[in-house]
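The values are calculated or read from the model by the stated rules, or taken from the named source; none is laboratory data. All values reported here derive from a predicted model rather than from experimental measurement. Don't worry about glycine lacking a Cβ; one is built from the backbone with ideal geometry, like all the others, and counts go over all protein chains shown.
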Amino acid sequence: MPSKLPVEISFTGLVNFLGVLGVIGSLVFVGLELRQTQKIAIAAQVQARAEQLTERNLVWLQGQWELGYRIRTLPHNELTPAEVWAKEVESSWGYTMQQTNYYAYRAGLLDDDQWKAVSNRILQSWNNCEMRYTYDFDYLEDAYVEYLRSLPDECIE
């Protein structure tokens with residue numbers, strides 16, 4: 001008695017099975033593309049908000065290079081109240097840009113080399129003790145606040 005395996009696969013069944021696998025693979029690919037597109041769109045929107053805020057906050061500084069020079073070079077206690085205000089506005093702009101970059105890094109839109117440069121600037125700003133009071137955590141994202149609080153703190157007495 002010859003031994004036969006009772007497995008019969010029709011050509012049509014095999015083609016249908018491969019077709020179903022192809023459709024499933026295409027759907028997975030489309031899903032991944034949609035997710036990536038959504039991440040890029042959200043990051044673009046975050047960047048656009050930061051640019052708008054930058055333009056609004058720094059427009060007063062246009063044509064006033066002397067003011068910019070003074071607030072960057074003089075010690076805080078030698079500035080006039082108006083110059084202190086200008087320095088606070090500029091710091092606020094910097095924090096917004098840093099928060100935007102932190103978001104972009106978390107979203108995978110900055111590579112590790114870019115993040116290293118950004119994170120060094122964030123650490124430098126965080127450890128500028130005379131300006132620490134200008135961080136307003138109510139206007140920063142919770143994840144960014146948590147990141148800031150995890151940094152080494154040179155301002156602790």
TODO: Select, from TYR95, TYR69, the only residue that is under 17 Å from THR134 (Cβ atoms), part of a helix (DSSP H, G or I) and of a type in the set (Phe, Trp, Tyr).
DONE: TYR95
Open item on the list: Could you list, ordered by first residue, the pairs with Cβ atoms under 7 Å in which the first is in region 126-139 and under 12 Å from GLU88 (Cα atoms) and the second is of a type in the set (Gly, Ala, Ser), at least 6 apart or interchain?
Closed with: MET131/SER91; THR134/SER91; THR134/SER92
Task: In region 79-127, the residues that are of a type in the set (Phe, Trp, Tyr) and in contact with a Phe, Trp or Tyr (Cβ under 9 Å, 6 or more places away or on another chain) - done: TYR95, TYR102, TYR103, TYR105, TRP115, TRP126
Open item on the list: For the list (1) in a helix (DSSP H, G or I); (2) surrounded by fewer than 10 Cβ atoms within 10 Å (Cβ to Cβ); (3) modelled with pLDDT under 70, I need the number of the one condition that LYS4 fails.
Closed with: (1)
Task: Among residues of region 79-116, those that are under 18 Å from TYR139 (Cβ atoms) and in contact (Cβ under 8 Å) with a residue 24 or more places away in the chain, counted - done: 16
Task: Positions within region 98-114 being over 17 Å from PRO152 (Cβ atoms) and part of a helix (DSSP H, G or I), in sequence order - done: GLN99, THR100, ASN101, TYR103, ALA104, TYR105, ARG106, ASP112, ASP113, GLN114
